[in-house]
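Everything below concerns the one structure shown next.
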Amino acid sequence: MGLRGDLDSILSRELEAIKKGGRYRFLRVIETAQSPRVVVDGREVVLMCSNNYLGLADHPRLRRAAKEAIDEYGTSAVASRLVSGTMTLHQELEEALARFKGTPAALVFNCGYMANVGVISSLLGPEDVVFSDELNHASIIDGCRLSRARIVVFPHRDMDALEDLLKRERGRRRMMVVDGVFSMDGDIAPLPDMVELAERYGAILMVDEAHGTGVLGERGAGTVEHFGLTERVPIQMGTLGKALGGFGAYVAGSGVLREYLINRARSFIFTTALPPADMAVALEAVRMVQEEPERRRTLHENVFYLVDGLNSLGFSVTNQGTAIVPVIIGPEDKTMEMSMKLLEYGIFVAGIRPPTVPPGTSRLRATVMATHTREDLDRALEAFEKAGREVGVI
């Protein structure tokens, strides 16, 4: 059979076990741009599981910025940032991000996963302690593991439990890491309380702004700005994808932090730099977020309209003003049946199962765009009602 055949046989058995356990995953192909309505399997459906919160991913200004950057700078940086991969656009973007976030400096990473892994693993070591919310993103969890620090997990948003742990757990350096907006629940971290605890107990606070950037804050700078805590949070990570409609990530903080990460963050050092088109897209998106606050207003109006509609149908939905609307179904089989039914009715909402979410909390993670029309949302509500009654969840 040969080595490849042996491996394929082993992996096939494992895949079969995944299928029998109801956890098999597959890729669904979108055949158009990431717009409010997309083509899936040859027919148009309303897209309600994208992170394109402000509707920028297919905006003419971002398309034009990408094309112009390719014409001027080519298609790739072709090297790591510390060799010859740092281009003018990288510098311009980092300066723009620092102004946007209200911090002295910023550093661009290739994606949010690489940013979280790079920051946490470079700042902490075996003598340190990291305090992590139990619902933090997988990239935070993996960053904590790679750091080899002692990991202390606290119950979701439970500040009393966190304070008790801070009193007990000692180390050379202590860091608290949290999602500003939790990606599967859409709720917001209690950052004012966390800042108070960090300052009281001498801990570093790092906030992941992946789902807050562009959505929250007076200028769209995220959860930290939303609470007016820019001067008191030393490390902010965020993505250039999601609401900014592009690709990549950033870490915003002090100039010393930036310099340290350039020298120590392995996920920054040992990878080819992001290409010019991505830098140009992010630059234009940051401008648009600040120039067009009406996009955020429309997004929030759409969210509240969908949440009110779902609750009126008998679903139990809560929202704290973010673009993420989790519709908890519970059983995995009913969740996936709902997802398939919704797609039949022209609404693309992915079902989310363990291990992404805790057992018993499988859900439809609906997301809203500023560019969804009321017709789109009404069509979604109609589909939720039909599917919910057929599956027996309302």
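The values are calculated or read from the model by the stated rules, or taken from the named source; none is laboratory data. Keep in mind the model is a prediction, meaning the values are calculated, not measured. Here Cβ is always computed from backbone atoms with ideal geometry, including for glycine, and neighbour counts include all displayed protein chains.
Quick notes on this structure:
- The residues on offer are Gly143, Gly112, Gly118, and the sole one that is touching a Gly at 6+ places or on another chain (Cβ under 9 Å) and without any contact (Cβ under 8 Å) to a residue 40 or more places away in the chain is Gly143.
- Gly112 more than 21 Å from Gly245 (Cα to Cα), in the same structural domain as Phe247 (by TED's automatic domain parsing) and within 21 Å of the chain's Cα centre (by Cα): no
- Any hit, segment 205-223, residues being part of a helix (DSSP H, G or I), in contact with a strand residue (DSSP E or B) (Cβ under 8 Å, 6 or more places away or on another chain) and without any contact (Cβ under 8 Å) to a residue 60 or more places away in the chain: yes
- Residue in segment 72-84 that is under 23 Å from the mean Cα position of the chain (by Cα) and outside any loop (DSSP other than H, G, I, E, B) present: no
- So Gly248, is it of a type in the set (Gly, Ala, Ser) and touching a Cys at 6+ places or on another chain (Cβ under 8 Å): yes
- Residue in segment 152-165 that is basic (Lys, Arg) and on the phi < 0 side of the Ramachandran plot present: no
- Pairs linking a residue in segment 76-105 that is under 17 Å from Thr213 (Cα atoms) and touching a residue at least 24 places away in the same chain (Cβ under 8 Å) to a residue that is assigned to a helix (DSSP H, G or I) and of a type in the set (A, V, I, L, M), with Cβ atoms under 6 Å and 6 or more positions apart or on different chains, are Leu93/Met279; Leu93/Ala282; Leu93/Leu283; Ala96/Leu283; Ala96/Val286; Phe100/Val286; Ala105/Ala98.
- Summed over segment 301-328, the residues that are over 22 Å from the mean Cα position of the chain (by Cα) and modelled with pLDDT of 95 or more give a count of 9.
- Pairing residues of segment 32-60 that are within 21 Å of Arg297 (Cα to Cα) with residues that are surrounded by fewer than 15 Cβ atoms within 10 Å (Cβ to Cβ), at Cβ distances under 6 Å and at least 6 apart in sequence or on separate chains, gives Arg37/Glu44; Asp58/Ala33.
- Failed item, numbered, when Leu62 is tested on (1) farther than 28 Å from Glu225 by Cβ; (2) touching a helix residue (DSSP H, G or I) at 6+ places or on another chain (Cβ under 9 Å); (3) surrounded by 13 or more Cβ atoms within 10 Å (Cβ to Cβ): (1)
- Hits in segment 150-182 (condition: within 23 Å of Arg365 (Cβ to Cβ) and crowded, with 22+ Cβ neighbours inside 10 Å): Val177, Val178, Asp179, Gly180, Val181, Phe182
- Residue check: Leu47 meets all listed conditions (1) closer than 13 Å to Ala285 by Cβ; (2) in contact with a strand residue (DSSP E or B) (Cβ under 9 Å, 6 or more places away or on another chain) but one, namely (1).
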